[in-house]
1. Which ranges mark the helices (runs of 4 or more DSSP H) fully within the stretch A:1-99 that have 2 or more residues being over 22 Å from the mean Cα position of the chain (by Cα)?
2. Keeping to the stretch B:210-226, report how many residues are surrounded by 14 or more Cβ atoms within 10 Å (Cβ to Cβ) and either closer than 27 Å to A:Ile180 by Cα or not assigned by TED's automatic domain parsing to the domain that holds B:Arg249 (or both).
3. Would you call B:His14 closer than 21 Å to B:Glu114 by Cα and either within 14 Å of chain A (Cβ to nearest Cβ) or in contact (Cβ under 8 Å) with a residue 60 or more places away in the chain (or both)?
4. Hey, could you check the stretch B:224-242 for residues that are at the interface with another protein chain (Cβ under 9 Å from one of its Cβ atoms) and of a type in the set (D, E, K, R) and say which is nearest to A:Leu239 (Cα to Cα)?
5. Tell me the helices (runs of 4 or more DSSP H) entirely within the stretch B:122-217 that contain at least 3 residues that are touching a residue at least 24 places away in the same chain (Cβ under 8 Å) and more than 7 Å from chain A (Cβ to nearest Cβ).
6. Being within 16 Å of A:His86 (Cβ to Cβ) and surrounded by fewer than 16 Cβ atoms within 10 Å (Cβ to Cβ) is the filter here, so list the residues in the stretch A:24-50 that pass it.
7. Hey, among the residues in the stretch B:32-62 that are among the aliphatic types (A, V, I, L, M) and out of contact with any Leu (no Cβ under 8 Å at 6 or more places or on another chain), which one's farthest from A:Asn218 (Cα to Cα)?
8. Can you find, within the stretch A:110-121, the residue that is nearest to B:Asp206 (Cα to Cα) among those that are assigned to a loop (DSSP other than H, G, I, E, B) and either away from chain B (no Cβ under 14 Å) or touching a residue at least 40 places away in the same chain (Cβ under 8 Å) (or both)?
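The values are calculated or read from the model by the stated rules, or taken from the named source; none is laboratory data. Note that the structure is predicted; figures quoted are calculated from it, not measured. No Cβ is skipped: glycine too gets one built from the backbone with ideal geometry, and neighbour counts run over all protein chains shown.
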There are 2 protein chains.
Amino acid sequence: MNIILIGSGNVAFHLGLVLSKKHNIVQIYSRNTENATELAQLTSSVPVNDPDKIDRNADFYLIAVSDDAIKPVTELMPLVKGIVVHTSGSTDMNILNRFKNYGVMYPFQTFTKERKVDFKAIPVLVEGNTTESLNTLIQIAESISDKVSVINSEQRAMLHIAAVFASNFVNHLFVTAKQILKNVDINFDILYPLILETAKKATEIDPEKAQTGPAVRNDTKILKQHTEILNNIVNDEKLADLYKLLSERILSQSKQN
Amino acid sequence: MNIILIGSGNVAFHLGLVLSKKHNIVQIYSRNTENATELAQLTSSVPVNDPDKIDRNADFYLIAVSDDAIKPVTELMPLVKGIVVHTSGSTDMNILNRFKNYGVMYPFQTFTKERKVDFKAIPVLVEGNTTESLNTLIQIAESISDKVSVINSEQRAMLHIAAVFASNFVNHLFVTAKQILKNVDINFDILYPLILETAKKATEIDPEKAQTGPAVRNDTKILKQHTEILNNIVNDEKLADLYKLLSERILSQSKQN
């Protein structure tokens, strides 16, 4: 397939690299010339920063830009015949309905430019406006991942929210734990085995069954002690609120089971 | 060393197994006869449920019971000469001051009975009432773990709070993500690669640098959309509050960096 990549951020970077092994990346279009040039070099393609120069005859146009930028960028693009897809979790497929063939290809992973990822193991969720678009999309997605599923825009939006909880918010709790330890001069790396085991355990036994700690035991003495320490020592007034809210949720969850 | 194990829950179970490979577990004392018998069989020791029958001549008495049970159990115990330690994160060492030699041995991991753990990689935090107690404690801790550190009760309490955030609360977010996906009939296992990569990433690059998602980008449109979906679709009124609180924290955190 001849592919045009639109965007040069984290998602564009990782998708560009993996797609270039199986397909011909013709151009990288991006306002960020530096990123586009770097990615074009890595994928043997041509960087473009004028939308009028976007090749009109490619098979596949992959828009990997921030959610807010999808609409503006489509308005700059020529009305191509190839399939135009975005990669966003929370944007409806129909944002692309000025094109004839369109869809979504949502790679379900957290991407950081410097980190290599094993794309084969990453779920890729696809949606297409016609059976024909969808079939081509599935073909491309299966060339890079072993875990391709078809889901609709509503499911994808919910999947994105679940990812915010299971990844973005989880990472924020790691940041918080690091700050708590800083108060008593303990290095964050003491948490590494616990962090890795917690994640592994949730993927091997049900997370409901994996719940441990003072909240699920309803250990009110410890819960009170922790709230007091958080109130007194750490310079973050909302931290005790967060502790209470999450502890209450764990307790109420355990009562439901 | 001759060791008496007091307790037969998750922590007692894992510590008993690993200690029995290097030391002689003489007795398992527990009110739960069934658990004590099972653990005694696995560690070639003798189950005891009468506190008067606890051997007075052991070198080391390891109290691995719930925090609330530490004080009552010490009051039942004979005033032994061996070192008496508890394994609690949030209990001061001095709760054991009716004994001559005492301390704390806090294994820093989340334990579930059915899951094997690699004890060598688990940080074990120790504290002793005298240099002599501490040295013996370090010796025992180093017989099972490569990551032994000496910390005081204040540091240990803070470490326990950090663990609640980085493990118990993280697991609750996994439970929450699972429930969110249930609303659109998507199986939790789609999150496995994301969960594992999020944990791995936080242990390989700074969690502050690993933060991704709509909150850190201050993508107000997506944040609003997610809150509305959570309010409308999912039968959990506090879920939108949690989403907002965590998103605000991520945003304020990113402004500090």
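1. Values: elements: A:10-20, A:33-42, A:67-76.
Those helices (runs of 4 or more DSSP H) span A:33-42, A:67-76.
2. As a first pass, look at the stretch B:210-226 and keep what is surrounded by 14 or more Cβ atoms within 10 Å (Cβ to Cβ): B:210-217, B:219, B:222-223, B:225-226.
Keeping just the survivors that are either closer than 27 Å to A:Ile180 by Cα or not assigned by TED's automatic domain parsing to the domain that holds B:Arg249 (or both) gives B:210-217, B:223.
Result for the stretch B:210-226: 9.
3. Numbers: closer than 21 Å to B:Glu114 by Cα: yes; either within 14 Å of chain A (Cβ to nearest Cβ) or in contact (Cβ under 8 Å) with a residue 60 or more places away in the chain (or both): yes.
In short, yes.
4. For the stretch B:224-242, the residue satisfying everything is B:Asp241.
5. Working: elements: B:131-144, B:153-163, B:170-182, B:192-204, B:207-210.
Hits in the stretch B:122-217: B:131-144, B:153-163.
6. none
7. Of all residues in the stretch B:32-62, those among the aliphatic types (A, V, I, L, M) come to B:36, B:39-40, B:42, B:46, B:48, B:54, B:58, B:62.
Add one more test, that the residue is out of contact with any Leu (no Cβ under 8 Å at 6 or more places or on another chain), and what stays is B:36, B:40, B:46, B:48, B:54, B:58.
Values: B:Ala36: 24, B:Ala40: 29, B:Val46: 32, B:Val48: 28, B:Ile54: 30, B:Ala58: 34 Å.
So the residue we want is B:Ala58.
8. Kept after step one, since they are assigned to a loop (DSSP other than H, G, I, E, B), are these residues of the stretch A:110-121: A:110-118.
Of the ones still in play, those that are also either away from chain B (no Cβ under 14 Å) or touching a residue at least 40 places away in the same chain (Cβ under 8 Å) (or both) are A:110-113, A:117.
On the way: A:Thr110: 15, A:Phe111: 14, A:Thr112: 12, A:Lys113: 14, A:Val117: 17 Å.
Only one residue fits best here, namely A:Thr112.
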